[in-house]
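*Asks:* Pasting a structure below so you can have a look.
The values are calculated or read from the model by the stated rules, or taken from the named source; none is laboratory data. Computed from a predicted model, the values in this text were never measured in an experiment. Using ideal geometry, Cβ is built from the backbone for each residue, glycine included, and neighbour counts are taken over all protein chains shown.
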Amino acid sequence: MAVIINAKIPLLKKGYHRMTLPFGNQKLGDDDYLHKGIDLTGKTDVSGGYDDILAFADGEIITAGYLSDTGYWVRIRHTNGIITRYMHMKKGSIKVKVGDNVKKGQVIGSMGSTGNSTNRHLHFDISYPGNVVLKHGGFYVSSQNVTYVDPIPYVTGEKSIATSTATSKYTTGKYKVVKDVNVRTGPGTKYPRVMYKGFTANAKEQIKKLGGNPKDNDFPKGMVLTLKVFDQDENGAWWGECPTGWVFIKGYLVKT
């Protein structure tokens with residue numbers, strides 16, 4: 001039975017959210033499967049039923065394209081590596097590209113029925129990196145070490161992804177460089193490198209004392225960094241942010 005969702009944070013521009021399939025275990029014939037998100041339809045009298053889809057929160061576009069199962073779809077990365085996905089969009093409706101920064105409520109495309117879909121709808125889901133332990137259940141950890149959560153409490157405003165954190169073995173504090181590492185402007189190798197001239201005064205002083213060569217444009221072994229923010233790249237690898245920029249952690253830094 002379809003349910004009308006009172007969406008405090010709208011996903012559809014006209015504000016009408018009719019859920020036709022909820023999050024959780026479902027049956028398809030004799031098989032059980034987990035539906036990782038929710039399916040929504042809008043008013044049929046809006047642009048022939050193709051209502052516009054809105055970004056759930058501020059973030060960066062990390063996917064904007066087509067797959068046979070998702071159809072035309074978009075993925076947005078938010079704080080702490082949280083990902084939202086928007087599937088089955090209308091062909092030719094996607095209004096963003098990979099690398100774009102979007103704002104909450106920005107139109108990213110239109111509802112459709114592309115990919116593995118039989119009726120016009122939006123599949124929307126929220127996932128966290130790692131195994132996130134939730135007090136009230138309602139989560140699933142995939143083989144890719146990703147936790148999918150029921151989007152309804154987030155759409156209705158009971159929970160907020162802005163105040164939720166992903167499980168990480170890394171915590172705020174001082175880390176020592178154990179292998180020369182370069183610095184990026186964001187959490188991943190797709191971001192530009194920060195060269196020596198862009199290093200902080202503290203970083204340059206440490207490099208000088210360690211006998212490092214500024215021409216290498218790396219943080220040398222022995223430097224001590226203060227990391228306060230952590231995020232994952234598109235491959236799930238963890239990065240930490242220091243005053244100069246972002247550095248890859250595993251194999252390069254250890255907590256002091």
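*Asks:* Step by step: first the residues of the range 182-208, then only those that are touching a Gly at 6+ places or on another chain (Cβ under 9 Å) and not in a loop (DSSP other than H, G, I, E, B), then the one that is surrounded by the most Cβ atoms within 10 Å (Cβ to Cβ). Which residue is that?
*Replies:* This residue is 184.
*Asks:* Looking at the range 127-138, which of the residues that are surrounded by 13 or more Cβ atoms within 10 Å (Cβ to Cβ) and farther than 19 Å from residue 61 by Cβ is modelled with the lowest pLDDT?
*Replies:* 134
*Asks:* Same structure, new question: Answer yes or no as to whether residue 89 is at pLDDT 90 or above and more than 21 Å from residue 129 (Cβ to Cβ).
*Replies:* yes
*Asks:* Kindly indicate whether any position in the range 51-72 is without any contact (Cβ under 8 Å) to a residue 24 or more places away in the chain and touching a strand residue (DSSP E or B) at 6+ places or on another chain (Cβ under 6 Å).
*Replies:* Within the range 51-72, not a single residue is without any contact (Cβ under 8 Å) to a residue 24 or more places away in the chain and touching a strand residue (DSSP E or B) at 6+ places or on another chain (Cβ under 6 Å).
*Asks:* Okay, moving on. Residue under question is residue 215, and the condition is that it be in contact with a helix residue (DSSP H, G or I) (Cβ under 8 Å, 6 or more places away or on another chain) and surrounded by fewer than 14 Cβ atoms within 10 Å (Cβ to Cβ); does it hold?
*Replies:* Yes, satisfied.
*Asks:* Now, a different point. Looking at the range 139-193, which of its residues are at positive phi and modelled with pLDDT under 80?
*Replies:* Once the filter is applied, which keeps residues that are at positive phi and modelled with pLDDT under 80, the range 139-193 yields only 145.
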